[in-house]
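Step one of this worksheet: look at the structure below.
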Amino acid sequence: MIIDLHIHSKSSDGKLTVAEIIGEAQSRNISFLSITDHDSISCQSEALSLAKKVGIRYVCGVELNVTFSHPRYREGKPVSLDFLGYSFDPTNEALKEKLDVVAKYREERAARIMDNLNAEFDKEGIQKLTKADFAEIESSADGVLGRPHIAEYLVKKKIVVSRQEAFDKYLVKCDVPKYPVYLDEASRIMRKAGGKLVLAHPNDPHGTSLNVLTKSLPEQMTIVQDRVLSFIDGLECWHSRHDASTTEHYVKFAKEHRLLMTGGSDCHQNPIVMGTVQVPDFVADQF
């Protein structure tokens, strides 16, 4: 069985539409699937319907960005962590309302990032971005507007040569804090919507993960046990940027604490890596 429970569509920062993802999943013989867009569940009804038509088992998904801090790390300063929500009711009003608030703030944040970018461009003698540019960036995001869309536009304008250069040179420096959703609230909303909350890619060296607090896996386990465990239902043990040691540590911890274990490619379709992470069959049985 091929399982992928971490995929992004154009409704957040992926390259493919829901229909294209389902078609690609079918061609790759993926039999259990979840699209987990950032802070958006707008595509879930369509995904459920299309997956059913082609005989792919589907579970509703979302990736929530959470503001987290620990007094023993980074002087207690907050960092971002990602959490995956699964098996929730996509029509739940409280969940929809919260995500609407986050989406609205994302637009305001993007506008402030644009102002910061223009200040940098002014220093470097680069032509500033205009309202028309901002409108074009907004139109490129079918769903939730975020920094990846701005990065792509900077590449298109030939201000940078790659998305990574856009982040390294400008978007990290010009960033604006995300809307603060805290772990207790994310857990409460997800569980009231009938869903499960899973800590995403906990040791991803290039993402929003516990790796920014400590690279030590035993220390990560302690953080999860002390500050995270009571709010989650599972751990993403298999991920495209997890090595074997990370997976081993998190599987052992999940078994000890009877947590749901999930896995996925975190595919944004550039390149298409759907279904390439070896997720054990028993993961599907948990659902």
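The values are calculated or read from the model by the stated rules, or taken from the named source; none is laboratory data. A quick note: this is a predicted structure, and the numbers were derived from the prediction, not measured. Positions of Cβ are generated from backbone atoms using ideal geometry, with glycine treated the same way; all protein chains shown enter the neighbour counts.
Considering region 260-287, and only residues there that are under 20 Å from the mean Cα position of the chain (by Cα) and within 17 Å of Ile232 (Cα to Cα), the residue that is surrounded by the most Cβ atoms within 10 Å (Cβ to Cβ) turns out to be Thr262.
Just one residue in the set Arg227, Arg188 is touching a His at 6+ places or on another chain (Cβ under 8 Å) and either part of a helix (DSSP H, G or I) or hydroxyl-bearing (Ser, Thr, Tyr) (or both); that residue is Arg227.
Regarding region 88-103, can at least one residue be identified that is over 19 Å from Arg147 (Cα atoms), modelled with pLDDT under 95 and among the charged types (D, E, K, R)? For region 88-103, residues over 19 Å from Arg147 (Cα atoms), modelled with pLDDT under 95 and among the charged types (D, E, K, R): absent. Residues that are under 19 Å from Thr208 (Cβ atoms) and surrounded by fewer than 20 Cβ atoms within 10 Å (Cβ to Cβ) within region 234-246 comprise Ser240, Arg241, Asp243, listed in sequence order. One residue stands out among those in region 1-21 that are under 21 Å from Thr262 (Cβ atoms) and either acidic (Asp, Glu) or out of contact with any Asp or Glu (no Cβ under 9 Å at 6 or more places or on another chain) (or both): the one that is modelled with the lowest pLDDT, which is Asp13. Could you list all residues from region 230-250 that are under 21 Å from Ala186 (Cβ atoms) and part of a helix (DSSP H, G or I)? Hits for region 230-250 are Ser230, Phe231, Tyr250. Looking for something in a strand (DSSP E or B) and either free of Cβ contacts under 8 Å to residues at least 12 places away in the same chain or under 28 Å from Asp285 (Cα atoms) (or both) - is there at least one such residue anywhere in region 94-105? So far as region 94-105 goes, no, none of its residues is in a strand (DSSP E or B) and either free of Cβ contacts under 8 Å to residues at least 12 places away in the same chain or under 28 Å from Asp285 (Cα atoms) (or both). Checking Ser140 against (1) free of Cβ contacts under 8 Å to residues at least 24 places away in the same chain; (2) small (Gly, Ala, Ser); (3) crowded, with 20+ Cβ neighbours inside 10 Å, which test does it fail? Just one mismatch for Ser140, condition (3). Number of residues in region 143-178 that are under 30 Å from Ile232 (Cα atoms) and modelled with pLDDT of 90 or more equals 3. Among the residues of region 191-215, the ones that are surrounded by fewer than 18 Cβ atoms within 10 Å (Cβ to Cβ) and either in a strand (DSSP E or B) or modelled with pLDDT of 90 or more (or both) come to 7 in all. Total residues in region 252-270 satisfying the condition of being within 21 Å of Ser87 (Cα to Cα) and in a helix (DSSP H, G or I): the figure is 2.
Can you tell me which residue within region 199-229, out of those that are without any contact (Cβ under 8 Å) to a residue 40 or more places away in the chain and among the hydroxyl-bearing types (Ser, Thr, Tyr), is farthest from Tyr86 (Cα to Cα)? Once the filter is applied, the top-ranked residue is Ser216.
In region 247-257, the residue that is surrounded by the fewest Cβ atoms within 10 Å (Cβ to Cβ) out of those that are within 23 Å of Thr36 (Cβ to Cβ) and not hydrophobic (A, V, I, L, M, F, W, C) is His257. Every listed requirement among (1) among the β-branched types (Val, Ile, Thr); (2) in a helix (DSSP H, G or I); (3) free of Cβ contacts under 8 Å to residues at least 60 places away in the same chain is met by Val273 save one, (2).
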